[in-house]
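Working notes, structure below.
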Amino acid sequence: MSIHSMRKTYTMGGLSEKDVDSDPLVQFQRWFGEAELADLPDWVEINAMTVSTSTRSGAVSSRILLLKGIENGRFLFYTNYLSAKGEDLADNPVASLCFYWPHLQRQVRVEGKVTKTSRQQSEDYFHSRPRESQLGANVSEQSTVVTADQLDARMKELQQTFEGKEVPCPEHWGGYAVEPMKIEFWQGRPSRLHDRILYQRDVGNWNIVRLAP
Ligand SMILES: Cc1cc2nc3c(=O)[nH]c(=O)nc-3n(C[C@H](O)[C@H](O)[C@H](O)COP(=O)(O)O)c2cc1C
């Protein structure tokens, strides 16, 4: 099928200002729970999200990351602080997260300020990961140019170095927490008259408005 003729009609549901929770985090948990409950193939990762960052001068980049929790109203993910996204966030600590759950014809967008998680929290999460992932985080200088042979050699070297020992969490590896200033819930509707409910933070409260589709 040609790309220009690809289209779907969205008929799975609606979203009204009257039905949403007054707290967008509760609303997010509700939708996340529904996305999770759906009968999905094993390979679907509903916690996968597109994360966009930008340099101070406005060069934007996006990539998929995994949401690893929501704590105190903040969305958590883990990565290499020296990666391209880490450099962006050091320079310009804001990010946009975008979840797409096609099986429910839903999208959620989150925008907010980004801070690093505590060292303890990063280490705790690091040590909860499979050993191979812990080694991988030590091997990879994420976002730098490398050859496959260099990666293999470094992996073998570190497997030997840490044999029978705990794999350390690198100083440059850890979590980020996104404190939302805006969260938008989008539900696909027929005739492209989609429902868009936007929460905006306003001095400790959340204002709720509907946006035109
Ligand atoms: C499904 C999926 C999940 C991913 N999860 C993560 C993650 O949680 N942390 C991470 O650093 N990279 C993750 N990646 C890799 C990133 O998309 C990206 O390649 C990497 O973080 C380097 O990005 P950067 O060069 O923009 O910093 C994931 C990729 C995919 C496709």
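Brief remarks on what is shown
- Principal-axis tilt of helix 24-37 within the chain, Cα atoms, nearest 10 degrees: 80
- Under the combined filter of DSSP loop state and at most 10 neighbouring Cβ atoms within 10 Å, region 125-213 retains these GluC sites (Glu not before Pro): Glu163, Glu166, Glu171.
- Based on alpha carbons, the Rg and Dmax found for region 9-72 are 15.4, 43 Å.
- Computed over protein heavy atoms with a 1.4 Å probe, the accessible surface of the chain works out to 59 Å² per residue.
- Descending by average beta-carbon neighbour count within 10 Å, the peptides 35-41, 173-179, 123-129 line up as 173-179, 123-129, 35-41, the highest first.
- Selection from Phe77, Val20, Gly164, by position along the positive dipole direction of the chain (Cβ): Val20
- In percent, rounded to a whole number, the relative contact order of the chain is 26, using alpha-carbon pairs under 8 Å and six or more apart.
- Accessible-area composition of the chain, carbon plus sulfur, in percent [1.4 Å probe]: 51
- Computed over all pairs of different Cα atoms, the Kirkwood value for the hydrodynamic radius of region 1-145 is 17.7 Å.
- Dipole magnitude (debye, nearest 20) for the chain, charges at Cβ of Lys, Arg, Asp, Glu: 780
- Cβ-based net charge around Met12, under 10 Å, with every Lys or Arg adding one and every Asp or Glu removing one: +2
- When the Cα positions of Val139, Gly175, Ser52 are compared along the charge dipole of the chain, Ser52 comes out farthest toward the positive end, with charges on each C-beta of Lys, Arg, Asp and Glu.
- Over 29 Å between alpha carbons, listed pairs Lys8/Lys85; Lys18/Lys182; Lys113/Lys165; Lys18/Lys85; Lys85/Lys182: Lys8/Lys85; Lys113/Lys165; Lys18/Lys85
- Ordering 97-103, 77-83 by mean Cβ neighbour count within 10 Å, with the highest value first, yields 77-83, 97-103.
- 0 to 90° range, to nearest 10: angle between helix 148-161 axis and the chain longest Cα axis: 70
The values are calculated or read from the model by the stated rules, or taken from the named source; none is laboratory data. These numbers come from a predicted model, not from an experiment. Note that we place each Cβ from the backbone using ideal geometry, even for glycine, and neighbour counts take in every protein chain shown. Please note that ligands, DNA and RNA were not included when accessible areas were found on the heavy atoms of the full protein model with its side chains. Shrake-Rupley method; radii C 1.70, N 1.55, O 1.52, S 1.80 Å.
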